[in-house]
Amino acid sequence: MRILVVDDDDSYRFLMRDALSAITKREHIAFASDGDEAWWILTDPDRSFDILILDIGMPRVNGLALLARIRQHPKLLDLPIILCTGTSNRQTVTEAVKHNVISYVVKPFSPTAMAQKVEEVIAQMKKAV
């Protein structure tokens, strides 16, 4: 399972690395610190990911702007995305649903909660096959 984590907060990237290493090999986990870096990684023809974990509140290109770009790219149309947000306001959730986000988590969250969320998404992906 190849996972890209996009978050500008070092502490959350470390937390997710630890949480996800229980699910997949560490070398299958990639990180980006902002939307521009994530876009570069996602559109690299030599790389592909099974799940994207995307923070909303980032400088420059925020998560929702990146999400809109992702859903316009043929290679990324069906990429399962878990959105991370510091808020659970209705407008953010509505926007995420509009772009076919598979799930979301509200910060702060524990490594166990993130691992469970990713395992749920993996189970959904297996059912869809």
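Bear in mind these aren't lab numbers, they're just calculated from the coordinates by the rules spelled out. No experiment lies behind these values; they were computed from the predicted model shown. All Cβ positions, glycine included, derive from the backbone under ideal geometry; neighbour counts span all protein chains shown.
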Given 37 °C, 0.692 mPa s and a Kirkwood radius over Cα pairs, the Stokes-Einstein diffusion coefficient of the chain in µm²/s is 226 µm²/s
Magnitude of the charge dipole, the range 3-128, Cβ model with Lys/Arg +1 and Asp/Glu -1, debye to 20:
420 debye
Simple spin-label model, 7 Å along Cα-to-Cβ: K98 to Q72 in nm?
1.4 nm
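Which trypsin sites (Lys or Arg not before Pro) in the range 45-111 sit in a loop by DSSP (not H, G, I, E or B) and have at most 12 other Cβ atoms within 10 Å of their own Cβ?
Details: sites: R47, R60, R69, R71, K75, R90, K98; in loops: R47, R60, R71.
Qualifying residues, ordered by number: R47, R60.
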How high is the relative contact order of the chain, in percent, with contacts defined as C-alpha pairs under 8 Å that are six or more residues apart?
24 percent
